[in-house]
Amino acid sequence: MNTGASKFSPIQLELLKVYSFHPSEEELLQVKDLLARFFAGRFVEKVEAAAQQQAISDDTLDEWLNEDEQ
C-alpha cells in the first residue's frame, strides 16, 4: 500500500471529467478562460477585502500597480 500517494483535489477531479469527453482545442481554451476569469475574480475580491480592512484607498492600490511604469 502506497501511503505517500497524493490524492486529487475536488477541482482536479472535475477537470479530469471534462477531459474524459475529449474536448476540442477551442473548448479547452474556453475552459482555461473560464478558470482564469473565476480565479481573477476571487483574487480581486480578496484584494478589495484586504484593502478595506487595512484602509487602503483605490488611489494607493493604483499607485502600487503603476510603480514599475514610472
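Just so you know, all these numbers are worked out from the coordinates, no wet-lab data involved. Because the structure is a prediction, the values reported are computed rather than measured. Cβ placement follows ideal geometry from the backbone for every residue including glycine, while neighbour counts extend to all protein chains displayed.
Net length available on complete extension from Q53 to F39 is 2.9 nm, with 0.36 nm assigned per residue and the Cα-Cα distance removed.
The chymotrypsin sites (Phe, Trp or Tyr not before Pro) of segment 1-53 that meet both conditions, a loop assignment by DSSP and at most 12 other Cβ atoms within 10 Å of the site Cβ, are F8, F21. Loop-located GluC sites (Glu not before Pro) in the chain (DSSP state not H, G, I, E or B) with no more than 14 neighbouring Cβ atoms inside 10 Å do not occur.
Among the aspartates and glutamates, which fall within straight-line cross-link reach of K17, defined as a Cα-Cα distance under 15 Å, with same-chain neighbours fewer than 8 residues apart omitted? Cross-link targets: E27. Taking the Cα centre of the chain as origin and assigning +1 to Lys and Arg Cβ atoms and -1 to Asp and Glu Cβ atoms, the resulting dipole is close to 800 debye. Note on the chain: Cα-Cα pairs beyond 14 Å make up 76% of the total pair count.
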